[in-house]
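All remarks here apply to the structure that follows.
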Amino acid sequence: MILRTFSSIKKIKKSKSLVISIGVVILLTLVSKVSGLFREQVMAGYYGAGVEMDAYNVAYYLPNLFRMLIADAALISAFIPIMSSYIAKGEMDNANRVFNTVINYVLVFLTALILIAFPFIPGLMSILPQMKSNPELMKLSVDLTRIMLPTLVLMSLSGIFSSLLNSFDNFAGVSVSPVIFNAAIISAVILLQPQYGVQALAYGVLAGTLLQLIFLLAFSRKLPLKYKPELHLRHPDVRSMFALMLPATISLGCIQINESVDKVFALSIGTGFISVLNYAIRIWYLPLGIFAVAVSTVLFPSISRMASTGDVSGMKSSFSMGMREIFFLMLPATAGIMALSIPITRLIYERGEFTASNTQMVALTLFYFSIGLIPYSMLTFLNRVFYAMKDTRTPLVVAAISIFFNFVFDFILIRYLSYAGLALSTSLVGIANFLALVFLLRRKIGRLGARQILNSVIRMFMATMLMSAGAYFLWYLLDRLLGRNTLSQVISLGSSILIAIGSYIALCYLFKLNELRQIVSYLKSKVSGVTIGSGES
């Protein structure tokens, strides 16, 4: 009985520690995302939604694709679970060998790839729709791609060190590092745009990726690992990691194929529609990157350690907690964006070359993207649960099937909703993928605590509906009273959001949601100076 009580206390302490870690990551990520939004504002103000931004988006796609394939897929799926297992078992020598092998392999492989790809860039660009018929778009896309191509190496190395820091539960440096990247781009555009035009944006990306890597290196110096120019390709866990990396890379590649298909359909409509999709998805990614990624980032190393020791019960508990926390954060975010899509878009983008017509287009696209915000938040978490169990095949199969459905939905919906149909298609694919992975996870590890999750979600949904209705009507009233200059927009939209947050918290407290009460309990214990384990002696 005493041992069971002690075990329960340890679980409570661990749970509350994870909650506060999630809170810290959310706060730091919010700072990063705000800087990213400011970057988007600067880009929109200087370049609008025309041929220059289309060229930049096409050129940036290649390095960004490799960043996601190497850092967001391969390393998350394989590197973090293996490193977390070493850390749990105290095997630092093996950890050091795997770390050095990954660093050196990526460095050599991507440097060679850049040298090979450089002369073939014009030929690759000519394949895309409208490139041959639009020489200006073609030339700009080639020039910008060549400037940003070295970021393939820099972004991938940043991804490795980010994953390494997360494996050691060091989340702060990783969460705030994008501020460095965004600051470099903003500075480059403001200082260099008059002389270099859209190339200033590309130079900013190059400088930003280099500075971000240097920042992460500074944080990594405190870790118990030392860099050596060595390759241990025959190490059993290196082989295991590469075996896990391939399906995960292909899986994310399937997602990128879907995005590429969306862009091709957008190009078929006309000039500027790729930029409309990108401006909308930047806002859409804000809550996704702040809340869903924060929950997944904090819980992933912990779930990986549980999987390595066979703690299925702990995995289920962490899964239930993660799902409920994501619903708790993403339900009000989704409703808020859907209700306030026009004023949000107007305040963020509408200035300079970005017109009121652009605002309407981006806001409509954002509305349809928002339908899939919760499913994609869950997918971020679900994929990592499978990766923690060293199962990269299941997410791959689901992602591969989604390519067919994405093409079909794009083909059908673009006929009825034009560019906004592409956003709705993305949301429908996300919903289907989410349902499929939940079903497959339940078959793999058993019951997932659906009753507890559903009980919380119903009360969250009621609080969300009341919150979003109040937020919209408050904004509408203030918008009519104050007008639409920048300060008035900040006041009307900001007041609505603050009141919405306050009312949502109050309603959740009234509905006795444990997800909120756990946070309040932790904060009370800190304020009163009472530690969680004060009664253990």
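The values are calculated or read from the model by the stated rules, or taken from the named source; none is laboratory data. All figures in this text were calculated on a predicted structure; none of them were measured in a lab. For neighbour counting, all protein chains shown are included, and Cβ atoms are generated from backbone atoms with ideal geometry for every residue, glycine included.
Assorted remarks:
- Residue match in the stretch 337-352 (condition: more than 22 Å from residue 473 (Cα to Cα) and either at pLDDT below 85 or small (Gly, Ala, Ser) (or both)): yes
- Screening 468, 427, 492 for residues that are within 23 Å of the chain's Cα centre (by Cα) and buried (at least 19 other Cβ atoms within 10 Å of the Cβ) leaves exactly one candidate, 427.
- Qualifying positions in the stretch 226-249 - more than 26 Å from the chain's Cα centre (by Cα) and crowded, with 19+ Cβ neighbours inside 10 Å: 237, 238
- Qualifying residue in the stretch 197-204 (condition: modelled with pLDDT under 85 and of a type outside the set (Gly, Ala, Ser)): no
- Residue 188 vs. criteria part of a helix (DSSP H, G or I) and over 22 Å from residue 36 (Cα atoms): no
- Breaking point among (1) hydrophobic (A, V, I, L, M, F, W, C); (2) assigned to a loop (DSSP other than H, G, I, E, B); (3) at pLDDT 75 or above, for residue 457: (2)
- Some residue of the stretch 181-203 being surrounded by 19 or more Cβ atoms within 10 Å (Cβ to Cβ), under 18 Å from the mean Cα position of the chain (by Cα) and farther than 30 Å from residue 95 by Cβ: yes
- Scanning the stretch 225-260 for residues that are touching a residue at least 40 places away in the same chain (Cβ under 8 Å) and either in contact with a Gly (Cβ under 7 Å, 6 or more places away or on another chain) or assigned to a loop (DSSP other than H, G, I, E, B) (or both) yields a total of 10.
- Criterion (touching a Ser or Thr at 6+ places or on another chain (Cβ under 6 Å), among the polar types (S, T, N, Q) and either surrounded by fewer than 21 Cβ atoms within 10 Å (Cβ to Cβ) or outside any loop (DSSP other than H, G, I, E, B) (or both)) met by exactly one of 133, 175, 158, 163: 175
- Members of the stretch 442-454 found to be in contact (Cβ under 8 Å) with a residue 60 or more places away in the chain and not in a loop (DSSP other than H, G, I, E, B), listed by number: 445, 452, 453
- Pick from the stretch 194-228, criterion touching a Leu at 6+ places or on another chain (Cβ under 7 Å) and among the aromatic types (Phe, Trp, Tyr), ranking: farthest from residue 157 (Cα to Cα): 203
- When restricted to residues that are surrounded by fewer than 17 Cβ atoms within 10 Å (Cβ to Cβ) and either closer than 19 Å to residue 64 by Cβ or of a type in the set (Asp, Glu) (or both), the stretch 260-275 contains 2.
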